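Everything on this sheet refers to the single structure shown next.
The values are calculated or read from the model by the stated rules, or taken from the named source; none is laboratory data. Just so it is clear, the structure is predicted and the values come from calculations on it, not from any experiment. When we count neighbours, we look across all protein chains shown, and the Cβ atoms used for this are built from the backbone with ideal geometry, even at glycine.
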Amino acid sequence: MLMNDFNYTISRQSVTLIGLLLLVLLIPGVGLAADPGDVKRVKKKKACKKCDLSGAVLIKAKLSRKNMTGSNLKKADLSSAKLDKAILSKAKLSGAKLTGADMSGVTAKKMKGYGLNFGKVNLSFAVFTKADLAAADFRGATVKGVDFSGADLTWTDFRGCDLGSSNFSGANIEGADFTGAKLGAIKGKRKVKKALFAPGWR
């Protein structure tokens, strides 16, 4: 009888453990936790390359000119953060909160930012060369002078944006929505104009 109870207890523990493992694997964002040491480093040092900042709370953080090349910032909260002239090349930002952040002059070549919401973000003169920004929402962002050359901008939303002097040369804008956008003196205007009058996807 005692042996049966023991086996029953072990079985229940095994099922619980398996259930927790499946929860971590199947639910997006579960298990993301920034390295506390890296969080301190990015706040105090000039460089934090390849740091684990996933899920970090960096609201209003002063990260201007910081070098975060290759860092993991997935699901980090960067609301109202100062990121002007920071280096985010090859960094991962999918799922990050950026509302109100200052990203003017940021260098983010080959950055991974699928589905990002750039609402109320200052992106003036940012460099997103060959970055993955597919399905990103730029409505309400300041997008003047941004370098999107060679970037993946498929299914992005630029409705109503002022794109003055931005560079779209070589960018993939399939499915992008530019309805009501001000083109100004952008590079790649001919390609954007073709997309401008395409049926919206929303």
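Just to check your reading of the model, which residue among F158, F178, F148, F168 is buried (at least 24 other Cβ atoms within 10 Å of the Cβ) and over 20 Å from S104 (Cβ atoms)?
Answer to the selection: F178.
Looking only at region 176-193, which residues are at pLDDT 80 or above and assigned to a helix (DSSP H, G or I)?
Answer for region 176-193, where residues must be at pLDDT 80 or above and assigned to a helix (DSSP H, G or I): there is none.
Kindly indicate whether any position in region 107-121 is at pLDDT 95 or above, farther than 27 Å from L163 by Cα and not small (G, A, S).
Within region 107-121, not a single residue is at pLDDT 95 or above, farther than 27 Å from L163 by Cα and not small (G, A, S).
Mind listing whichever residues of region 136-168 are among the hydroxyl-bearing types (S, T, Y) and at pLDDT 95 or above?
Once the filter is applied, which keeps residues that are among the hydroxyl-bearing types (S, T, Y) and at pLDDT 95 or above, region 136-168 yields T142, S149, T154, T156, S166.
From the list G95, G37, which residue is surrounded by fewer than 24 Cβ atoms within 10 Å (Cβ to Cβ), outside any loop (DSSP other than H, G, I, E, B) and of a type outside the set (D, E)?
G37
Within region 53-87, count every residue that is among the polar types (S, T, N, Q), closer than 19 Å to A126 by Cα and part of a loop (DSSP other than H, G, I, E, B).
5
Given the criterion under 18 Å from R65 (Cβ atoms) and either free of Cβ contacts under 8 Å to residues at least 24 places away in the same chain or not in a loop (DSSP other than H, G, I, E, B) (or both), identify the matching residue among K120, K130, K109. Show your work before the answer.
On the way: K120 fails: under 18 Å from R65 (Cβ atoms); K130 fails: under 18 Å from R65 (Cβ atoms).
Sole residue among the options that is under 18 Å from R65 (Cβ atoms) and either free of Cβ contacts under 8 Å to residues at least 24 places away in the same chain or not in a loop (DSSP other than H, G, I, E, B) (or both): K109.
Condition test on S104, is it assigned to a loop (DSSP other than H, G, I, E, B), crowded, with 20+ Cβ neighbours inside 10 Å and at pLDDT 95 or above?
yes
So, S64, is that one of a type in the set (S, T, N, Q) and within 23 Å of K189 (Cα to Cα) or not?
So S64 does not fit the description; no.
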